[in-house]
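Here, each number is a calculation from the coordinates, and none is a lab measurement. Quick caveat: nothing in here was measured; it's all calculated off a predicted structure. Methodologically, a virtual Cβ is constructed for each residue, glycine included, from the backbone with ideal geometry; neighbour enumeration extends over all protein chains shown.
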Amino acid sequence: MSNFPWLTVAGAIPLVGAVVIGMTPGRSAPGSPADRRARDLLVKQIALVTSLVTLGIIIAMAVQYNTGGPRFQFTQTYQWIPQFGVHYAVGVDGIALVLILMSVVLMPVVVLASWNDVEGGSNPAGEPPARRSVKSYFAMMLVLETMMIGVFAATDVFLFYVFFEAMLIPMYFMIGSFGVGQRQYAAVKFLLYSLLGGLLMLVAVIALYVYSTHGGHQGTFLFTQLSHLSLSPTVQKWLFLGFFIAFAIKAPLWPFHTWLPDAATAAQPGAAVLLVGVLDKVGTFGMLRYCLDLFPSGAHFFTPLIIVLSVIGVLYGAVVAIGQRDIKRLIAYTSVSHMGLITLGIFVMTSQGQTGATLYMVNHAFATGALFIIAGFMISRRRSTLISDYGGVQSVAPILAGTFLIAGLASLALPGLSTFVSEFLVLVGTFTRYEAAAILATAGIILAAIYILWMYQRTMTGPIKPEVAKMPDLKGRELWAVAPLIALIIVLGVYPKPIIDIINPAVTKTLVEAHSTNPVPPHPAPAAATAGTTSDVRHRARASHVAQAQAASKRVSVTLRQRSSA
Amino acid sequence: MTGSVHSALMPQAAAALTTYHATGIQDAAGLLLAFPLAGAAILLLGGKRTNSWGHYVGVAMPLLAFAYGVAAYVQMLGYPAAHRSRELTLYQFIDVGRFQVPLGLQLDQLSICFVLLITGVGSLIHIFAVGYMSHDPERRRFFGYMNLFLAAMLLLVLGNNYLALYAGWEGVGLASYLLIGFWQYKDSAAVAAKKAFIANRVGDVGLSLGIMLMFAQFGTVTFQGVFAAVPSASHGVVTAIGLLLLLGACGKSAQVPLQSWLLDAMEGPTPVSALIHAATMVTAGVYLIVRSAPIFDLTPDARLAVAIVGAVTLLFGAIIGCAKDDIKKALAGSTMSQIGYMMLAAGLGPAGYVFAIAHLLAHGFFKAGLFLGAGSIKHEMNEEVDMRRFGGLAKVMPITWVTFGLAYLAIIGIPPLSGFFTKDPIIDAAFAKGGTSGALLGTAALIGAGITGFYMTRVMLMTFHGERRWDDTVHPHEAPPVMTWPMIVLAIGSVFAGGLLIVDNRLLNFLGPVTGVPPTRHGLWTWSGIVALALVVVAFGIAYALYGRREIPVTAPAGSPVTVAARKDLYGDAINEGLLMRPGQWLTRLSVFFDNRGVDGLVNSLAAATGGSSGRLRKLQSGFVRSYALSMLVGGVLLVGALLLVRL
Amino acid sequence: MSHHMLLAGPAAETTRVLAYWVLAVISVTSALGMILARRAVHCAMMLALVMLSLAVMYVELGAPFLAFVQVIVYTGAVLMLFLFVLMIVGITAADSIIETIRGQRLWAALGGIALLVLLSLVIGHAAIGPSPPATAKFGNGNLNALAQLLFTKYVFPFELTSALLITAALGAMVLAHRERTGPKPTQRELAARRIASGRPTPLPGPGTYAQHNAVDMPALLPDGTQSSLSVSPVLSGPTPDVSDYPEGLPEGSSEAEPARLASPAGSAGSADSGGQEAGDQW
Amino acid sequence: MVSPAHFIALSVILFVIGAVGVLVRRNAIVVFMCVELMLNAANLAFVAFARMHNGLDGQLIAFFVMVVAAAEVVVGLAILTSIFRARRSASVDDANLMKY
C-alpha cells in the first residue's frame, strides 16, 4: 500500500471546504437579495464539490484495500500527547472502511437533498427557520463529515473519544437552530443524552489508560496495544459497561431511544439522514470494535441482557412505529427497530450475525436515508408532516411514489433489495445460537410490513386529496439526490458479495479477539452435497461429459471443506 | 440410480438423486429469468415513451421464455431418466463462514413442468391482457408488473436452494401486491393489496424460520445439501421444518389459517386474478411441499398436517364458492378448494405428489380459462361482476360460452376431460391411505367434488342461461379475437391436459425420479371415481333445480344461516379482526402512550426533578446576614468536630 | 533586683484567685447583659465593663502594658467610637424582642452550645499545667521585653499594621464623606428659609422653667405643658410627639426607627448645615 | 492557684457569648460590639498562652489583634453610617436585597 496519507487527506478535505465556505461573505454582507441568493448557491456548490472530492478519494483508497491483508490498513501513527501516550493513529479495517464508504456516499446525497432546506424548504406550514445563514448550515455539515471519517478511522481510543464527542456539537446546532417544531427541546435532549453516555465512556477510557500503565510499561491509548492487554474479568465487566452504555445511547438501544424520534422529527430531513444514517452507526461500530475486542469476558457476561434488550427494541420500535401519525417520527421509530436488529446481530457472536449486522449498518443508512429524503421532498411540497394530510400521491407524482415504495420495501427487507441480505444474515446468525430471540425478531418483519405498507397506503394510494392534486413530481436535483441511494439499494441487494468480502475477514478477526466461535450444526450435510457447483467448477466441467462431472464435483467439495472450516 | 418404474404397491420415496452440471441450451437457463426481468425493466424504467409499444414487449418476453422452456424441455427429454436433473450457478450470492448460498438454477423434471405452465399459461394471459387492458392509461405499468411477476415466479421454481426460493417467494408477493393494488385510486384495491402482502408475510415468516432451522441443523440451505442431511436429523427437527414449510405454503397458497386475502385479491384486474391468483402464485405452496418431498417423507405427522389443512380448505373454499354472487369471488373460492385438493394429495406423501402436480397443471389450464371467460364477460358488461345481473349470455357471447363451458365440465370432473383424470386419483389415493384418517380425507374429497359440481353449475346457469337480467345500458357482444384466442387454447388444454398427463402414467414416469413413484393404478375407473361422478351428477340436478328452472331474483335473498356465513367468508375476516387486528391496534395505542409517558416521561421527570430541587435550594440564600453567619458557625463547629473526631 | 510581679507571695495568691473569680463573674454577666440589653447604649456600657475586667486580668497574667493599652486604646478609643456612631444612629434605637428569621435563635443557641462543648473538650484534652514562675518580663520588665521583641522579631508585621491603619483611616473617610452636591447655602438663604419655616424665633432651651436645666429635661410652655422642641432629638429618643403625626401614631412604631428623625415632609434630603433644628437629616 | 486554663476557659465562654450575640442581635452596632467581645476573648486567650509558654509573643499578637480590631471598627462603622444615611435603618436584616 502506498504510504500516501489517505485517511488524513480524506478527513481534511471537508474541513478545508468548511473553512472556504466560512470565508465567503455571509448574510450580513451588503448586496441585494439576488446577490445573497447567488452567494448561497455558491456555498452549496462548494459543499457539493467538496463532498464529491472526498467520495472520490475514499473510493480510490477502497480500491487499494486488500481484503486478505493485515487487519488495519492505510495506517498512520503520530505522537499527539506523548505524556499520556495519545497518538494521532488512523487506520481502517474491513468494518471501518465500509462505514466510511457509507458516510461519504451519504454526504453528497444529503447536500443535494437539503439544497433549499435552510430557506424553509421543507418546514411544515412553511414557517422558515429564523433567517438562518445557509453558510453555517453547510459548513457544519462538512465539519460533521470530517468527524464522521475521523471517528471510524481512529485506531487510538482517545482520538476515537474526541471525535465521538465532537460530533455532537455540529449536530446539536443543525437540530437546534435549523430545525422545526420543538427543535430546542430535541437538540438539548439529544446533546444531554449523548454527553451522559460520553462521560461514562470517558471514565472507562481513563481507567483503560491506567490499566495500560500497569506492569511498568508506558501507558498507551493505541487500540492495537490495548487489545493485547490482559484485564481481570471484573475490571472488564465495569469497563465494558462504561463503553457499552455510551454506545447503547448512541445507537438507540431500547430504553435509551427516546431522544431519536424527537431529534429526527425536529431536524431538517438532510440532518435527520446524517443523524440516523451515520451517528447511530458510530454506536454500533463502537460496540463491535471496542466493546467486543477489548473486553471479551465483559461482553460474554452481558450478552444475554443485551440480546433481550435488542429483541424488545425490535418489536417495541415496530409496534410504536405503527401507531405514529407523523411521517418523520414513524421513520425514526423504524430505525429504532432496525438498530435493535443490528445490536442483536453484533452480540450473537456468530460470523453470520456480525457480518449481517455490519452490512445492515450500511443498508439501513441507504434505505432509511432514502425514506427520510423523500419524506422531506413530500413535506416541502405539501408543507405538512402528518400522514393524514396526504392521499393519492401516486397518481399525481408517480416517480416520487415509486422511489418511496422502493425505499419502503428496502426497509421492510424485501428480498432482491439490500436490507434483506443483512437482515437474513442477522436472523440466521441469531437462530444458530438463540432460537427464541430469532423467532421473535423474525416476527418483527411482519410488523415492518404493516407499518410501511399502511403508511404507503394512507399517503400514496386511495382517492386523491384536493391539497395534493397539484403536487409536482420529483425533478432534476431531487432525482439526482435519490437515484444513487435507490441504485445502491438494488445493486447491493442483488450482488452483495464485494461488500461482504470486505466485512467478513474483519468480522472473523473480531470474533477471534472476542474468544467466540460459530456454533457447529449438529448434523452437517455430507461435504459433497454442500459443494454445489460454484462457477469455477462450471468452466472445468464444461469439456467433460457426465462421468467426469461427478469426479469434478468430488474434488471441488474437498477444497470447499477446508475453506468452510476456516 | 434409476428407480424402476413399475415397482411394488408401496410408494417408494425419491432417493436423493445426484444433479449434474447443465450443458447445452440448458446452460443458458439464466435467460428464463433475464427475459421477463428485461421486459419489466424496459417497461417500468422506460416511462411514458414506451406507452405505445410497451405491451408488445410485455407479451414478447413471456413468449420468448416459453420458447426457451420448450427447448430446455426437449433437451431434457434427450437425457436418460436418472440424469435429467441439471444445475447451474449464476454467481455466489452470500458467502459468510459456513453460510454459503449460490444463486443457482436447478432444471429438473419438477421445475420444467412449472416453467412450462408458468410461461405457457402466462403468455396466453398476457395476450388476453393486451385486449383486456387496451383502454387502460397505465397499461405499460401493468405489463411491467406482470413481467416482474413472471421473473419472480420463475426464480421461485428454478432456484436450487431455499434462499433463492425465498427470494422468488417474496418477489411474487410483491408483484401480487403491486397488481392487486394496480387500480390504486380505488381504496378497496389498496386495502386488499396491503392485506394480501401482510398475510403472505405471515407465511413468509414460517418459511424463513424453516430455512434458518435448516441452516442451524445442517449448515447448508441448498436442496442437495438439505436432502442429503435430512435423514440424519432428529425426528423433532424434521417435523418442525415440515410444519414451518407448511405455514409458509399456507400463507402463499391461501390455505385455511391464512386464506382471507385471496377473495379480496379479486380487486385486481382479471388477467391478474387468472395468472397469479389461479394458475401460478397460489400453487407455489404446493410446489414447495412437493420440492421438499425428502423432508416430508420422513415426518408422517407433518404430512398428515398438510393433508388435514388441504381437506379443511377444500371444504372451506367450496362452501364459500356456493354463496358468492360476484363471479370472480366464486371462482376464487373454487381456486381455494382446488388447491386444497392439491395440498391433500401432497399430504399423502409419495403416493400423492405426482397427482398433486398433475391436478395443478390441469387446474392451471381450466381455472385460467374460467377466469379469462369471467374477464371477457366483465369486459363486455362494463365492469359488472354480479352474476345476478347476468343471465342468458350464451346466445350473446357464444365463444366465451363454449370455452367457459368446456372448462366448467373439466373442473367438475366429467370423464373425458382433464378434471376427471387428475381429481379422482387424489380421492382414490386418499382412501388408499387407509385408517380413519384415510377414510375421513377421502370422504371430505368426495363431498368437495360434489359441492364443486353444485357451485360451478350455479355459476354456469346464472351467467349463461335463463333470461337476461342486464338492462339495456349494457350491450355485451363477443370479445375481440385477441381475447378469445387464448381462451380457446386454454379450453383445448383443459380438455386434453388431464388425459395427456395421467393416461398410461406419462407424468408418473416423468416425475418419478424427483417425487417418488406412487403405487400403480389398474384401470381408469375406480369405485371412488364412480361415486364422485354420481355425486357431481346429483349436485348438477340440485343446482339445475334451484337456478336452472326458477326465476333468479336480482337482489340476493336472505338465505339460510349457512349461506349468510358463506357470504361472509365463513367469518374468516371476522376471526382475523377479532384475534389479531383489534388487539394489535390496542397494543399499538398502548405502546405509543407508554413511549410518550413512560420512557419519555421518566426522562422529562428526571429533568423536572433537578429543576425543582435546585429551585428549593435557591431559597437558602435568604439575604439575611445573620442566617449566613449561623451557617458559618454551624459549618465551623461541624468541621472542627470532625477533625477532632478523626484525631481522637 | 528581683523584678517580679506586682502581687507576689502567698497572700497574693488568694487575692489572685479571688480577683479571678470576681472578674470572671463580672465579665460573663456583663457580656450576657451586652447581648441581652434592648438599648444599644446599654450594650456599649456592658462592653466597656467587660473590657475593663479584661484589663485587670491582663495585669494578673503578667501583661501590665497590655492592660493599660487595653484601657486607654481599646476601651477609651474604640468603644467611644461606638458610642459616637451610636449617637448618630439614634441613641434610643432599641431592638424588638420578636425574632424575624425562623429558627434563628434556636439554632444560634444550639450552635453556641456545640461550640462551647467543642472548645471545652479541646481545653480538657490540652495539657495546660500551672503557669511557670513569673520572670521579670511579666513584671515591670514587660515593656522593655515587649519593645525588644516587637522591633526584632515582629518588625515586619509592625510595618504592615501601620499600613493597615492608614488604609483603614482613608477607607473610613472615603466611605463616610459626602460631597456637597448643591451650592453652600448662604446667610441670605438661611435667613429666608428660617422665615419661610414658620418659626423664625429660636426654640426654647432645655429646662426653661422646668425643675432643672439638664440637657434632656423639656422646657415648660406658658400653659404648663412640656415643649418637646426644647430637647435635642438625639436625646429625646422614642417618645414621638403627637403633633408630628397629624394622622395619629403609626402602629408598631416602637421599632428602633425614631420617627422624629424621619425628615418632615417637604424638605429635600439635600445636605444643609445642622441648623437649630436638631437631628440633621443624615 | 489560678492557672492559665481558667483564663482560657473564661475566654471560651466570652467567645461563645460573642458568637451567639452576633447571631441573635439585629442592630448592626450591637453586632459589631459582639464581634469586639469575641476579639477581646481571643486576646485574653493569647495573653493566657503567653503566660503559659513563658514568652511574650502572645501579648504581642494581642497588640496586633487590637490594631486590626480598631481598623475593622473604623471601616465597619463608616460603612454602617453610609448605609444608615441611605436606608434610615441600622438593622442588619433590612439589607437583604442580595438574595435569590
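Scoring A:310-316, B:587-593 by mean Cβ neighbours within 10 Å over their residues and listing the highest first yields A:310-316, B:587-593. Candidate cross-link partners of D:Lys99 among the lysines, defined by an alpha-carbon separation under 20 Å and a same-chain spacing of 8 or more, comprise B:Lys619.
Ordering B:Leu372, B:Leu638, B:Leu37 by the number of other Cβ atoms within 10 Å of each residue's own Cβ, fewest first, gives B:Leu638, B:Leu37, B:Leu372. Place +1 on the Cβ of every Lys and Arg and -1 on the Cβ of every Asp and Glu in chain B, take the dipole about the Cα centre, and give the residue among B:His379, B:Ala65, B:Ala167 whose Cα lies farthest towards its positive end. Most positive-ward Cα: B:Ala167. Each of C:Glu189, B:Glu380 was scored by other Cβ atoms within 10 Å of its Cβ. Arranged with the fewest first, they read C:Glu189, B:Glu380. Computing FRET efficiency as 1/(1 + (r/R0)^6) for C:Thr14 and A:Gln218, where r is the C-beta to C-beta distance and R0 is 60 Å, gives about 0.20.
Of A:Gly340, A:Gly323, A:Ala367, whose Cα points farthest to the positive end of the dipole of chain A (charges on the beta-carbon: +1 Lys, Arg; -1 Asp, Glu; origin at the Cα centre)? Value computed over the given set: A:Ala367.
Specify the angular offset, from 0 to 90 degrees and rounded to the nearest 10, of the alpha carbon long axis of helix B:481-502 from the longest principal axis of the alpha carbons in chain B. Once rounded, the angle reads 80 degrees.
Once backbone amide H atoms are built at 1.01 Å from N, A:Ala89 has A:Tyr78, A:Thr155, A:Asp156 as its partners under 5 Å, excluding neighbours fewer than 5 places away on the same chain. Around the amide H of B:Val96, modelled in the peptide plane, lie the amide H atoms of B:Val101, all under 5 Å away and 5 or more residues distant in sequence or on another chain. Cross-link reach is defined here as a Cα-Cα straight distance under 29 Å, omitting same-chain residues fewer than 8 places apart; for B:Lys568 the lysines meeting it are B:Lys186, B:Lys194, B:Lys195, B:Lys252, B:Lys324, B:Lys328, B:Lys329, B:Lys367, B:Lys378, B:Lys423. Taking a straight Cα-Cα cut-off under 19 Å and skipping sequence neighbours fewer than 8 places away in the same chain, the aspartates and glutamates within cross-link reach of A:Lys497 are A:Asp93, A:Glu423, A:Asp536, B:Asp95.
Applying the Karplus relation 6.51 cos²θ - 1.76 cosθ + 1.60 with θ = phi - 60° to the range D:50-64 yields 3J(HN,Hα) values of 4, 5, 5, 8, 6, x, 9, 4, x, 5, 4, 4, 4, 4, 4 Hz, where x marks Gly and Pro. For the range A:387-471, a Kirkwood radius taken over Cα pairs fed into Stokes-Einstein (10 °C, viscosity 1.306 mPa s) yields D = 111 µm²/s. Label-to-label distance, B:Gln585 versus C:Arg180, with points set 7 angstrom from Cα along the beta-carbon direction: 9.2 nm.
Scalar couplings 3J(HN,Hα) for the range B:153-164, obtained by applying the Karplus form with A = 6.51, B = -1.76, C = 1.60 to θ = phi - 60°, are 5, 5, 4, 4, 7, 8, x, 9, 9, 5, 6, 4 Hz; x denotes Gly and Pro.
The amide H of B:Gly104, built 1.01 Å from its N in the peptide plane, has B:Leu90, B:Asn160, B:Asn161 as neighbours under 5 Å, considering only residues 5 or more places off or on other chains.
Annotation: the residues B:Arg303, C:Arg38, B:Arg98, sorted from fewest to most other C-beta atoms within 10 Å of their own C-beta, follow the order C:Arg38, B:Arg98, B:Arg303. What the Cα atoms of the range B:545-621 give is an Rg and a Dmax of 30.0, 101 Å.
Considering only beta bridges that DSSP places wholly inside the protein assembly as shown, some 95 percent are antiparallel. Let's test the formula: R0 of 30 Å, r as the Cβ-Cβ distance of D:Ala95 and B:Ala609. What FRET efficiency results, to the nearest 0.05? Once rounded, the FRET efficiency stands at 0.30. Using the beta-carbon distance between B:Asp471 and B:Leu304 and R0 = 51 Å, what value does 1/(1 + (r/R0)^6) give for FRET efficiency, to the nearest 0.05? After rounding, the FRET efficiency stands at 0.45.
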